[in-house]
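Engineer: I have a structure here, written as structure tokens, and I will follow up with some questions on it.
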Amino acid sequence: MNTRLTLYVLTWLILICFVPATLAKPADKKPLKTIHFVQQDLDISVEIADTEAERETGLMNRASMPEKHGMLFVFQKLSRVSVWMKDTLMPLDVLFLDADGRIVSMFEHLSPCKKDPCEVYTFDQHGWYMLEINANLIKKYHLALGQQLRLPKLD
């Protein structure tokens, strides 16, 4: 078999074997849940990050997400949490919530970190949940400290 034909066949084998696997959705992807912002009558669809690995990865390496979408980080104990934007490609608003779903602290429009060292943002309150949403939603929907959110049932 000549070299050109061999390369052609190998290229097609690689495409046939590996490309479908990269396009498929992971089988273990969790279903989205809904957080309801009571005062605004606003629903946000969220991915749940309730394991250490999911919390560490968060929204890293994502270029965008729908406007009314986010990620809810669930902590196993009352925590004082820090967040950074390393490998995060889109700006975010970040809310910190108590056990009842009230906003106890927030950061507006955190920009992606373009080079190390990345700035670390530490919440001044302890809480059970952190919610990352698209930047500018705090301002657009007039979200405020003390505001009540209705959290989804967590399995």
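None of the figures in this text is laboratory data; all of them are computed from the coordinates on show. Remember, it's a predicted structure, so these values are computed and weren't measured experimentally. All Cβ positions, glycine included, derive from the backbone under ideal geometry; neighbour counts span all protein chains shown.
Engineer: Ranking Ile138, Ile133 by Cβ neighbours within 10 Å, fewest first, what do you get?
Structural biologist: With the sparsest Cβ surroundings first, the list reads Ile138, Ile133.
Engineer: Follow-up question, since we're still on this one. At a Cα cut-off below 24 Å, give the lysines reachable from Lys140, other chains included and same-chain residues fewer than 8 away excluded.
Structural biologist: Cα-Cα hits under 24 Å: Lys33, Lys68.
Engineer: A further question follows. Which net charge results when you count Lys and Arg as +1 and Asp and Glu as -1 among the other residues whose beta-carbon is under 11 Å from that of Asp116?
Structural biologist: Once positives and negatives cancel, what remains is +1.
Engineer: Please list 3J(HN,Hα) in residue order for the range 121-127, calculated via the Karplus relation 6.51 cos²θ - 1.76 cosθ + 1.60 where θ = phi - 60°; whole Hz, with x for glycine and proline.
Structural biologist: Along the range 121-127, the couplings run 10, 10, 5, 7, 10, 8, x Hz.
Engineer: Label the range 28-150 by shape, choosing from rounded, prolate and oblate, from the square roots a ≥ b ≥ c of the eigenvalues of the Cα gyration tensor; if a/c is under 1.5 it is rounded, and otherwise prolate applies when a/b is larger than b/c, oblate when it is not.
Structural biologist: Verdict is rounded for the range 28-150.
Engineer: Let me ask something else. Summing +1 for each Lys or Arg and -1 for each Asp or Glu, what net charge is found among the other residues whose Cβ lies under 12 Å from the Cβ of Lys68?
Structural biologist: Residues near Lys68 contribute -1 overall.
Engineer: Looking at the square roots a ≥ b ≥ c of the eigenvalues of the Cα gyration tensor of the range 41-96, which shape do they give, rounded for a/c under 1.5, prolate if a/b is larger than b/c, or oblate?
Structural biologist: oblate
Engineer: Let me ask something additional. If the cut-off is a Cα-Cα distance under 17 Å, which aspartates and glutamates reach Lys29, setting aside same-chain residues fewer than 8 apart in sequence?
Structural biologist: Hits, sequence-local ones excluded: Glu47, Asp50, Glu52, Glu54, Glu56, Asp155.
Engineer: Follow-up. In straight Cα distance, which aspartates and glutamates are under 16 Å from Lys114, not counting same-chain residues fewer than 8 positions off?
Structural biologist: Qualifying aspartates and glutamates at Cα under 16 Å: Asp87.
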